[in-house]
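For reference, the structure is listed below as structure tokens.
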Amino acid sequence: MRRYARALAGPHGDADDLVQEALARALERRASFRSDMALRPWLLAILHNVFVDGVRRRRAEMTRLEVSEAVAAALDAPQEHAVRLAEVRVRFDALPEDQRAALHLVAIEGLSYQDAAAAIGAPIGTLMSRLGRARAALRAPETVPSSGPARLRLVGGSDDQR
């Protein structure tokens, strides 16, 4: 496994961490191993998948960083907007990976819910739940009006209090 990890990670990669992660994943998923399977190919497949997942994760992180920097550079906004954008960027970066990925695919890449759900390998309801939690986390507490209690708006009805 270590030889294959070195071949995948290259001279600058950390093959030992890759092997450790693959072994941890194999232990977590040991129930999927069948007695008619050969152990070595199963472990090497897991190692390969761990490596590919890491490459995808780093590529997505770089894309998010580039998009974030491009948005910040493109905005010629007053100081207040720059501060707000920085706050949103910090909150976005602090989101859990699954929520960040869901929000990135839908809001930045423009994928439909169906396509985004397929891309992350989750049901559409799970994607929508992650999006809801991510959007809620991005909302600044300052967006709630400070003058009096917040009012609920009726959807498909009227806000008139008669």
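The values are calculated or read from the model by the stated rules, or taken from the named source; none is laboratory data. Computed from a predicted model, the values in this text were never measured in an experiment. Counting neighbours? That spans all protein chains shown, and the Cβs are built from the backbone with ideal geometry, glycine included. Surface accessibility is based on the protein's heavy atoms, side chains included, excluding ligands, DNA and RNA. Shrake-Rupley method; radii C 1.70, N 1.55, O 1.52, S 1.80 Å.
Listed values, structure above:
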| quantity | calculated |
| --- | --- |
| Residue in the range 91-104 that is modelled with pLDDT under 85 and part of a helix (DSSP H, G or I) present | no |
| Candidates Ala122, Ala107, Ala60, Ala77 - the one that is of a type in the set (Gly, Ala, Ser), modelled with pLDDT of 85 or more, assigned to a loop (DSSP other than H, G, I, E, B) and out of contact with any strand residue (DSSP E or B) (no Cβ under 9 Å at 6 or more places or on another chain) | Ala122 |
| Single match in Pro96, Pro11 (criterion: closer than 19 Å to Gly121 by Cβ, open to solvent by 60 Å² or more (accessible area, probe 1.4 Å) and not hydrophobic (A, V, I, L, M, F, W, C)) | Pro96 |
| Selected residue (only one of Ala72, Ala119, Ala86 is within 15 Å of Leu131 (Cβ to Cβ), without any contact (Cβ under 8 Å) to a residue 40 or more places away in the chain and of a type outside the set (S, T, N, Q)) | Ala119 |
